1. Which pairs turn up if I take residues in the stretch 107-131 that are without any contact (Cβ under 8 Å) to a residue 40 or more places away in the chain and farther than 14 Å from Ile88 by Cβ and look for partners that are assigned to a helix (DSSP H, G or I) and away from the ligand (no atom under 13 Å from the Cβ) with beta carbon separation below 6 Å, at least 6 apart in sequence or on another chain?
2. Tell me, which strands (runs of 3 or more DSSP E) lie completely within the stretch 83-163 with 2 or more residues that are surrounded by fewer than 13 Cβ atoms within 10 Å (Cβ to Cβ)?
3. If you take the residues in the stretch 164-176 that are farther than 15 Å from Gln21 by Cβ and not aromatic (Phe, Trp, Tyr), which one is farthest from the ligand (Cβ to nearest atom)?
4. Looking at the stretch 58-79, which of the residues that are among the small types (Gly, Ala, Ser) and within 14 Å of the ligand (Cβ to nearest atom) is farthest from the chain's Cα centre (by Cα)?
5. Quick one: would you say Leu44 is over 27 Å from Lys138 (Cβ atoms) and surrounded by 15 or more Cβ atoms within 10 Å (Cβ to Cβ)?
6. Kindly indicate the residue of the stretch 16-38 that is polar (S, T, N, Q) and not in a loop (DSSP other than H, G, I, E, B) and also farthest from the ligand (Cβ to nearest atom) among those meeting that condition.
7. Of the numbered conditions (1) under 20 Å from Glu177 (Cβ atoms); (2) at pLDDT 85 or above; (3) within 11 Å of the ligand (Cβ to nearest atom), Phe53 satisfies every one except a single condition; which is it?
8. Quick one: is Glu41 of a type in the set (Asp, Glu) and in a loop (DSSP other than H, G, I, E, B)?
Amino acid sequence: MPERTQTGPSDVSRVLVSTDQIQHRVGDLARQISKDYEKAEKLLLVGILRGAFIFLADLTRKISVPHAVDFMAVSSYGKGASHGEVRILMDLREPVEGQHILIVEDIVDSGQTLEYLYRQLQTRQPASLRTCVMVRKKRPSLKVPIDYLGFEIPDVWVVGYGLDYADHYRTLPYIAELKGVGSAK
Ligand code: PRP
């Protein structure tokens, strides 16, 4: 059988967030979320496919208050496209009016995806709307709040913990800079 191309640690130039750091931080975020939503009757975590599925899987198992999980999938018309050029590929199963919505994202880069989703979900009259993001590239212009943030990272191409490059590297347990790709995701 021909050998398949392997992708792994040799492709990354430096680890930015280690496996231990991620797991500790997910625990911290889950504790804070559990405390903040202690009295909330209907908490819904909305994971944004595809990148957020690993973060969401860890987070949901550590949150100690009752909650449900659903997913959305979106596509941008190309990175660097002007603001708002995002479309929904897969929507939530049910209306979310009156529910406490927590958007769960793996990364905020330009902010285009999160800003679009936030505006979309806001129109559906949730009881509250917050955001939880694993890593964020610092952008002065982000127009929506990040209520729960894992880590701030430099503006380099990162992979691992759900983040991909051409569908590779998503399952690395840490977040690392990819070799030879340069900045801008
Ligand atoms: C990534 C990531 C976010 C978005 C962030 O998704 O999962 O949803 O980009 O970028 P932005 O802040 O510049 O909008 P991607 O389009 O790579 O799809 P994927 O999650 O399916 O890999």
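1. Within 6 Å, the pairs are Leu129/Leu121; Leu129/Gln122.
2. 86-90
3. Within the stretch 164-176, the match that is farthest from the ligand (Cβ to nearest atom) is Thr171.
4. Selected residue: Gly78.
5. yes
6. Ranking the qualifying residues of the stretch 16-38, first place goes to Ser34.
7. (1)
8. The answer is yes for Glu41.
The values are calculated or read from the model by the stated rules, or taken from the named source; none is laboratory data. Computed from a prediction, not measured in an experiment: that's the story for all the values here. Neighbour counts are summed over all protein chains in view; Cβ atoms, including those assigned to glycine, are modelled from backbone coordinates with ideal geometry.
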